[in-house]
Amino acid sequence: MKLRFGQKLAALAGIWLARKKIKKLLIQNYWSRHAVFPLEFAGIKATFSTEDFYSNYWFYGPQMSGMVYEPAVTSLLVERLPNARAFADVGANLGYFTVVAGVARPGLPIFTFEMDHTLRPIIERNLELNHIETAIITNAAVGARAGSPVEFVPHPFSFLGKIAQESIEPYPLTLTTETLVLDEFFARQGVLPNLIKMDIDGAEMAALKGMEKILEQDDLIMLLEVHAHHLPSFGTNLLEVQHFLTQRGFSFRKVGDFRDSRTVDLQPLDDFSGLSSPSGDMLLVSRTF
């Protein structure tokens with residue numbers, strides 16, 4: 001049977017509407033199945049909200065290794081939490097390590113630092129999902145001098161720029177935050193963290209200079225991500241970071257393959273000059289191993 005022109009248009013319209021409905025159903029089905037991210041690893045059972053696109057891609061994207069983020073670092077943190085008086089998550093992003101610490105050690109004082117205040121509602125949501133009430137969130141950069149304004153691109157936008165492989169420089173989406181000094185902050189808290197995870201994309205030297213009191217603790221342990229490629233943007237380099245910490249009696253272990261391997265591989269490290277990962281090298285920093 002030959003269709004008239006009007007019938008052909010109606011059929012095409014029906015196909016278009018059907019495809020649109022199918023696409024909508026597929027999207028709805030995806031989000032209903034991926035609205036939360038369950039973590040079960042190293043004795044930890046936690047839940048993370050993935051209702052927004054940034055969280056969804058962050059947890060279900062390629063940076064996850066077998067449904068665990070940085071498994072070696074997660075293991076090292078969980079192993080050392082029993083001896084922690086307080087934990088500081090410096091550069092918290094979505095609060096992954098904050099939640100891990102809160103679930104592993106209920107009641108532990110936790111201090112969460114994230115300069116991107118647009119992530120605060122997401123961190124709060126993750127804390128609420130896991131019934132963690134002892135974490136204090138502070139939206140500020142950390143450095144050697146308080147009050148200095150820092151400009152940054154919000155995480156969700158910069159992350160989407162990376163996904164789309166599109167330059168975000170032409171878009172005026174820069175926010176500003178203030179800088180705080182960690183020693184000054186913790187002088188007001190009445191407790192010093194002796195367990196710290198720090199991932200701040202090259203600003204680590206400035207943060208360390210503002211941690212003299214914290215660094216005096218004999219039992220301090222840091223999971224410090226060092227960004228060789230970003231340090232020069234902050235007027236420093238790998239050797240300055242090494243010298244600063246060595247002078248204060250610290251030794252180092254490089255955490256091998258920390259983003260993918262579930263096996264903790266601690267490699268003695270005497271010379272920072274070989275650290276060259278474009279996305280950062282993770283170090284375990286301590287006076288005793």
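The values are calculated or read from the model by the stated rules, or taken from the named source; none is laboratory data. Note that the structure is predicted; figures quoted are calculated from it, not measured. Neighbour counts are summed over all protein chains in view; Cβ atoms, including those assigned to glycine, are modelled from backbone coordinates with ideal geometry.
Assorted remarks:
- Matching residues in the stretch 124-175 - criterion: being touching a strand residue (DSSP E or B) at 6+ places or on another chain (Cβ under 6 Å) and assigned to a helix (DSSP H, G or I): 125, 126, 127, 129
- Within the stretch 261-276, being under 23 Å from the mean Cα position of the chain (by Cα) and either surrounded by 15 or more Cβ atoms within 10 Å (Cβ to Cβ) or not assigned by TED's automatic domain parsing to the domain that holds residue 220 (or both) holds for 261, 264, 266, 272, 275.
- Taking the stretch 152-211 as the range and being closer than 30 Å to residue 53 by Cβ, among the basic types (Lys, Arg) and modelled with pLDDT of 95 or more as the test, only 197 passes.
- Taking the criterion of being modelled with pLDDT under 90 and among the small types (Gly, Ala, Ser), the residues of the stretch 21-56 that qualify are 32, 35.
- Any chance residue 168 is free of Cβ contacts under 8 Å to residues at least 60 places away in the same chain and within 24 Å of residue 185 (Cβ to Cβ): no
- For the residues 72, 104, 86, the requirement of being in the same structural domain as residue 183 (by TED's automatic domain parsing), surrounded by 19 or more Cβ atoms within 10 Å (Cβ to Cβ) and under 18 Å from residue 182 (Cα atoms) singles out 86.
- Flag for residue 199 being surrounded by fewer than 16 Cβ atoms within 10 Å (Cβ to Cβ) and within 22 Å of residue 80 (Cβ to Cβ): no
- Flag for residue 194 being without any contact (Cβ under 8 Å) to a residue 60 or more places away in the chain, within 21 Å of residue 97 (Cβ to Cβ) and among the polar types (S, T, N, Q): no
- Matching entry among 255, 285, 241, 226 (being over 25 Å from residue 145 (Cα atoms) and either surrounded by fewer than 20 Cβ atoms within 10 Å (Cβ to Cβ) or in contact with a helix residue (DSSP H, G or I) (Cβ under 9 Å, 6 or more places away or on another chain) (or both)): 255
- Scan of the stretch 40-66 for residues that are assigned to a loop (DSSP other than H, G, I, E, B) and either within 23 Å of residue 106 (Cβ to Cβ) or among the polar types (S, T, N, Q) (or both), ordered by number: 42, 43, 50, 63, 65
- Evaluation of residue 207 against the conditions (1) without any contact (Cβ under 8 Å) to a residue 40 or more places away in the chain; (2) touching a strand residue (DSSP E or B) at 6+ places or on another chain (Cβ under 7 Å); (3) in a helix (DSSP H, G or I) shows that the sole unmet condition is (1).
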